[in-house]
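Undergrad: First the structure, which I've put down as structure tokens, then a few questions once you've had a look.
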Amino acid sequence: MFITSEIASALLAIILASTTSSNLPVFPDADWQQASPESQGVDSVKLNDAMDYLGVSFGGAGVSEAVVIRNGYMIWSGSNIDAYHKIWSCTKSFTSTVLGLLIQDGKCSLDTLAVEYVPTLDDQYPEYSRITLRHLATMTSGYSAVGRGYGDERWNIPAEPLAEPGAKYQYNDNAMNMFGYILTRIAGEPIKDVFKRRIADPIGLTRWDWGDWGEMDGLIVNDPAGYRVGINITARQMARFGYLFLNRGNWNGKQLIDADWVDQATTNQVPVSLSFANYDGRGRYGFNWWTNGIMSGGKRVWQSAPPKAFAARGGCNNRCVVIPEWNMVVVRLEPPTEQKVPGYEQIWEAFLGKLGDALASEDCR
């Protein structure tokens, strides 16, 4: 058969178009496209084994509220992924996303001082004059409040500092509450409104909400830490938020938040040289995202996962794990419960090892 130059050119165009389109990310419309694990380079037997392990380890709700996204396709889902409830401290990753948007708009920077928006912050304690948004987003502000515990809402009444700003890592919801209040002042509107307009609506979040404490200084203040009301969402919807960050802030060709911000937010920002209290986030805490950085002991917390993996993490074992090297998002949610599971990071480490084993080849990993 004789092939003319015109036919050859047409065939080449078809091949190039096919190759190009196959490399483009797939985004959900009203819902996720579903695909078999094998079609996305994942062994379904091993994937089920990994999910079974996660379910048994956490008990209770198990993995009924879990989804696995690979290459933009839903390749595994539990039986209750539309259950709707709060996700505790996963809310913090939504809060820092608003910070990224405000920086993108030129309204502030990581070095913006907190006292610019709360002038009375350093009235009793001069140390607080040096707190920046960077400190607040990394749990290194040293801020302490009169309020103690989840039922005490006096987070906006400063107490003696926990440490000099930037000197100590301390996971601290009072500081997070101050952070959210400051972001509200910078935005001039509720942070929920910023997030809805700039992120939630464009990525198709239709079943979510961000609870608030009511009005302060003429503005509705949403719960930025997540311990009281925070973000309420479903696993199916939460996967969209993770997928946005997997694609470095790009959603179906539109850059919603700067890729550089996503990179910074999801890599470690807390030096291991700092001291710490309560949770040790040194070496693995970004801007309100938990990363797979190298901790003070010289190892990564998830040794079975690639270095770029990161997660939004909340109480009651709520988690959204993003693994860029595997082009994968794993969401596992659980409704509010008193259940305490010891060694949860070891559980996730073992799960990620099993998940990695499910990838069909080194090329897929």
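Undergrad: Among (1) touching a strand residue (DSSP E or B) at 6+ places or on another chain (Cβ under 9 Å); (2) open to solvent by less than 50 Å² (accessible area, probe 1.4 Å); (3) part of a loop (DSSP other than H, G, I, E, B), which single condition is Gly147 missing?
TA: Unmet for Gly147, out of (1) touching a strand residue (DSSP E or B) at 6+ places or on another chain (Cβ under 9 Å); (2) open to solvent by less than 50 Å² (accessible area, probe 1.4 Å); (3) part of a loop (DSSP other than H, G, I, E, B): (1).
Undergrad: Quick check, is Gly242 touching a residue at least 40 places away in the same chain (Cβ under 8 Å) and within 26 Å of Pro324 (Cβ to Cβ)?
TA: Criteria met by Gly242.
Undergrad: Residue check, Lys308 against (1) part of a loop (DSSP other than H, G, I, E, B); (2) at pLDDT 95 or above; (3) open to solvent by less than 10 Å² (accessible area, probe 1.4 Å), all met but one. Which one?
TA: So Lys308 meets the others, but not (3).
Undergrad: If the requirement is being assigned to a loop (DSSP other than H, G, I, E, B), hydrophobic (A, V, I, L, M, F, W, C) and either within 16 Å of the chain's Cα centre (by Cα) or under 15 Å from Leu102 (Cα atoms) (or both), which of these qualifies: Leu205, Leu183?
TA: Leu205
Undergrad: Conditions first: (1) under 26 Å from Ser64 (Cα atoms); (2) among the aromatic types (Phe, Trp, Tyr); (3) part of a loop (DSSP other than H, G, I, E, B). Tyr279 passes all but one, so which condition is the exception?
TA: Every listed condition holds for Tyr279 apart from (1).
Undergrad: Output the residues belonging to region 188-202 that are in a helix (DSSP H, G or I), surrounded by fewer than 19 Cβ atoms within 10 Å (Cβ to Cβ) and touching a Lys or Arg at 6+ places or on another chain (Cβ under 9 Å).
TA: Pro202
Undergrad: Filter region 174-192 down to residues that are out of contact with any helix residue (DSSP H, G or I) (no Cβ under 8 Å at 6 or more places or on another chain) and not polar (S, T, N, Q), then give me how many there are.
TA: Matching residues across region 174-192 total 5.
Undergrad: Also, quick follow-up: So which residues in region 321-340 are open to solvent by 10 Å² or more (accessible area, probe 1.4 Å), touching a residue at least 60 places away in the same chain (Cβ under 8 Å) and within 19 Å of Ala305 (Cβ to Cβ)?
TA: Scanning region 321-340 gives Pro324, Asn327.
Undergrad: Then there is this: Only residues that are of a type in the set (Val, Ile, Thr), open to solvent by 30 Å² or more (accessible area, probe 1.4 Å) and either in contact with a Gly (Cβ under 7 Å, 6 or more places away or on another chain) or at pLDDT below 95 (or both): list them for region 44-67, please.
TA: Val56
Undergrad: Taking Leu256, is it open to solvent by less than 20 Å² (accessible area, probe 1.4 Å) and either farther than 22 Å from Gly314 by Cα or at pLDDT below 95 (or both)?
TA: So Leu256 passes the test.
Undergrad: A follow-up question, please. What helices (runs of 4 or more DSSP H), lying completely within region 23-137, carry at least 2 residues that are small (Gly, Ala, Ser) and under 18 Å from the mean Cα position of the chain (by Cα)?
TA: The qualifying helices (runs of 4 or more DSSP H) are 91-104.
Undergrad: Asn292 is checked against (1) open to solvent by 10 Å² or more (accessible area, probe 1.4 Å); (2) touching a Phe, Trp or Tyr at 6+ places or on another chain (Cβ under 8 Å); (3) free of Cβ contacts under 8 Å to residues at least 60 places away in the same chain and fails just one. What number does that condition carry?
TA: Result: Asn292 passes all but (1).
Undergrad: If I filter region 208-233 down to residues being in a loop (DSSP other than H, G, I, E, B) and either within 21 Å of Val26 (Cα to Cα) or touching a helix residue (DSSP H, G or I) at 6+ places or on another chain (Cβ under 6 Å) (or both), which single residue comes out as most open to solvent (accessible area, probe 1.4 Å)?
TA: Tyr227
Undergrad: Under the condition of being among the aliphatic types (A, V, I, L, M) and at pLDDT 95 or above, which residue from region 268-294 is farthest from Ala239 (Cα to Cα)?
TA: Leu274
Undergrad: Show the residue pairs meeting these rules: Cβ distance below 6 Å; 6+ apart or different chains; first residue within region 23-39 and open to solvent by less than 30 Å² (accessible area, probe 1.4 Å); second residue among the aliphatic types (A, V, I, L, M).
TA: The qualifying pairs are Trp32/Met74; Ala35/Ile75; Pro37/Leu47; Pro37/Ile75.
The values are calculated or read from the model by the stated rules, or taken from the named source; none is laboratory data. Computed from a prediction, not measured in an experiment: that's the story for all the values here. Ideal geometry is used to build each Cβ from the backbone, glycine not excepted, and the neighbour counts take in all protein chains shown. The area values use the complete protein model at the heavy-atom level, side chains included, leaving out ligands, DNA and RNA. Shrake-Rupley method; radii C 1.70, N 1.55, O 1.52, S 1.80 Å.
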